[in-house]
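These notes concern the structure reproduced below.
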Amino acid sequence: MKLFNDKGLSSIGKKLLRRKETIAIAESVTSGLLQFAFSTIKDASCFYQGGLTAYNIGQKFKHLQVDPVHALAVNSVSQKVASEMAQQVCILFKSNWGIGITGYATPEPSSENKVFAFYAIAYQNKIKAKGKLTPNKTEPTDIQLYYTNKIINKILQL
């Protein structure tokens, strides 16, 4: 069973190795799937610095320095939070690239019973790409895999 865009992951790994750059991941809604995906790339230990899964506001503030007032107002799900996560993971892991993603894999009242995620990709602590992902899936695991593969594809475009 194929979970990830393995060809895309391999291309990312080769590019990072060629450029002698590193990457780190801060995730919430994908709950470690992006970290898992990157750990499967050949020679990952040469460019993958690691990651952090912060699932609630307290942990996002403590470890990723997200703005707590804003995060409380949006249940930690916004473009601003994803961008702060991406930038702070670069600092935390001393990495060239950082990925931040936060959102919903199951409908919740605070999300108007919709599922979506915000992501940001930082390079040298500046946001290079950001956006909102809206899946057409219904199962939480399928939604998390959708988000993971979409992020892999977004990095390939940079």
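The values are calculated or read from the model by the stated rules, or taken from the named source; none is laboratory data. It should be emphasised that the depicted structure is a prediction, and the values quoted were computed from it without experimental measurement. So basically every Cβ, Gly included, is an ideal-geometry build from the backbone, and we count neighbours across all protein chains shown. Only protein heavy atoms, including side chains, enter the accessible area calculation; ligands, DNA and RNA are left aside. Shrake-Rupley method; radii C 1.70, N 1.55, O 1.52, S 1.80 Å.
A few remarks follow.
- Subset of segment 116-139 [open to solvent by less than 50 Å² (accessible area, probe 1.4 Å) and outside any strand (DSSP E or B)]: PHE116, PRO135
- For segment 107-130, the set of residues classified as closer than 16 Å to ASN75 by Cβ, at pLDDT below 95 and not acidic (Asp, Glu) consists of PRO107, PRO109, SER110, SER111, ASN113, LYS114, listed by residue number.
- Cβ pairs under 7 Å, 6+ apart, first in segment 1-26 and among the β-branched types (Val, Ile, Thr), second open to solvent by 50 Å² or more (accessible area, probe 1.4 Å) and assigned to a helix (DSSP H, G or I): ILE12/LEU156
- Within segment 113-143, the set of residues being in contact (Cβ under 8 Å) with a residue 40 or more places away in the chain and of a type in the set (Lys, Arg) comprises LYS130, LYS132.
- Sub-9 Å Cβ pairs linking a first residue in segment 67-86 that is open to solvent by 40 Å² or more (accessible area, probe 1.4 Å) to a second residue that is aliphatic (A, V, I, L, M) and part of a helix (DSSP H, G or I), at least 6 apart or interchain, are ASP67/VAL81; PRO68/ILE57; HIS70/VAL81; LEU72/ILE57; VAL74/VAL81; ASN75/ILE57; LYS80/ALA71, ordered by first then second residue.
- Only residues that are touching a Leu at 6+ places or on another chain (Cβ under 8 Å), open to solvent by 20 Å² or more (accessible area, probe 1.4 Å) and not acidic (Asp, Glu) were counted in segment 6-47, giving 5.
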